[in-house]
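Enquirer: One structure follows; several queries about it will come next.
The values are calculated or read from the model by the stated rules, or taken from the named source; none is laboratory data. Model, not experiment: these values are computed from the prediction. Every residue, glycine as well, gets a Cβ built from its backbone with ideal geometry; the counts of neighbours run over all protein chains shown.
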Amino acid sequence: MSMCPYCGEDVPAGSKSCWKCGFELGEESDTTPPGEQPEIEQRSKAPPRPQQPCPSCGKAVSVGAIRCNHCGTALVRGSRNWIPLVWTAFGLVLLATIAGLLYNFFATHEAPPDPGRSHPIDVLRPQLAKIYKAEHQQGRAKKQALWKERHQGKFVRWTGYLLEIGPNEELILGDSPTADRKNPHVVVVLKDSDQIEARGLKRGKSILYSARLDRFEGGTFYLDLGVLEE
């Protein structure tokens, strides 16, 4: 037996071509005297080439072979093994780029202002309170329907005196600095509670604010999304 110098497979001595790859081997035979064996015969005594499993049938084939000699499947060259890695790296770079663009967009674009804040309804707190002070149950039901239809969810721009800061950092306000803290005229939940410390709010201080009407209970207006203004 001798070895094909192209694909490394064993071929019978004296063969003119490799049975596997068709490489021309020459016309040397086993009758060549000892010591004068052709180079191809000498190479046949070298250790067998490394083997690897065929990805199709699983049988062993020589490393670097072009096709499997069992099932005929074309084998991928090692030089092409980098292609999946390139696509993987490209995908990771693309994902990182998209993530960076999204982060930059949301980090640099502030949330839009609350709808209606720039156009508050033109009514003072005492005027609005008179409308909703119902004296009997039937009148109260009508006032509740009117509240939901015309005022709930609308923004107002009022001035009040700080009577107290509640346990949840809500502002308890009155029309005067001596108003009853237990029965305040207005309770405002700020959109950003950090404004309390930033503005150095103290009892008795007059503040201008804009906020959204939430409900009216027991003579007190409850507002949310409050913002302190200059």
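Enquirer: Among (1) of a type in the set (Gly, Ala, Ser); (2) surrounded by fewer than 12 Cβ atoms within 10 Å (Cβ to Cβ); (3) touching a residue at least 40 places away in the same chain (Cβ under 8 Å), where does Gly226 come up short?
Expert: If we test Gly226 against (1) of a type in the set (Gly, Ala, Ser); (2) surrounded by fewer than 12 Cβ atoms within 10 Å (Cβ to Cβ); (3) touching a residue at least 40 places away in the same chain (Cβ under 8 Å), just (2) comes out false.
Enquirer: While we're looking at this one, here's another question. Being loosely packed, with under 15 Cβ neighbours inside 10 Å, without any contact (Cβ under 8 Å) to a residue 40 or more places away in the chain and in contact with an Asp or Glu (Cβ under 9 Å, 6 or more places away or on another chain) narrows it down to one residue among Arg150, Arg199, Arg181; which is it?
Expert: Answer to the selection: Arg181.
Enquirer: Taking the condition of being free of Cβ contacts under 8 Å to residues at least 60 places away in the same chain and more than 14 Å from Trp158 (Cα to Cα), how many residues in segment 206-219 meet it?
Expert: 2
Enquirer: Follow-up. For Asp214, work out the one condition from (1) in contact with a Gly (Cβ under 7 Å, 6 or more places away or on another chain); (2) within 30 Å of Glu149 (Cα to Cα) it doesn't fulfil.
Expert: With (1) in contact with a Gly (Cβ under 7 Å, 6 or more places away or on another chain); (2) within 30 Å of Glu149 (Cα to Cα) applied to Asp214, the lone miss is (1).
Enquirer: Let me ask something additional. Within segment 1-43, restricting attention to residues that are among the aliphatic types (A, V, I, L, M) and at pLDDT 75 or above, which residue is farthest from the chain's Cα centre (by Cα)?
Expert: Result: Ala13.
Enquirer: Still on this structure, I have one more. Can you list the strands (runs of 3 or more DSSP E) lying wholly within segment 98-215 that have 2 or more residues being under 33 Å from the mean Cα position of the chain (by Cα)? Explain how you work it out, then say what you get.
Expert: Details: elements: 155-165, 171-174, 186-190.
In segment 98-215, 186-190 are the strands (runs of 3 or more DSSP E) which contain 2 or more residues that are under 33 Å from the mean Cα position of the chain (by Cα).
Enquirer: Taking the criterion of being within 30 Å of Gly8 (Cα to Cα), at pLDDT 75 or above and part of a helix (DSSP H, G or I), would at least one residue in segment 57-67 satisfy it?
Expert: Checking segment 57-67: not a single residue is within 30 Å of Gly8 (Cα to Cα), at pLDDT 75 or above and part of a helix (DSSP H, G or I).
Enquirer: Follow-up. Being modelled with pLDDT of 95 or more and crowded, with 18+ Cβ neighbours inside 10 Å is the filter here; which residues of segment 208-221 pass it?
Expert: Selection gives Tyr209, Ser210, Ala211, Arg212, Leu213, Phe221.
Enquirer: Turning to a different aspect of this structure: Please work out which one of (1) exposed (fewer than 15 other Cβ atoms within 10 Å of the Cβ); (2) more than 14 Å from Leu213 (Cβ to Cβ) is the condition Asp122 fails and give its number.
Expert: Evaluating Asp122 over (1) exposed (fewer than 15 other Cβ atoms within 10 Å of the Cβ); (2) more than 14 Å from Leu213 (Cβ to Cβ) leaves (2) as the failure.
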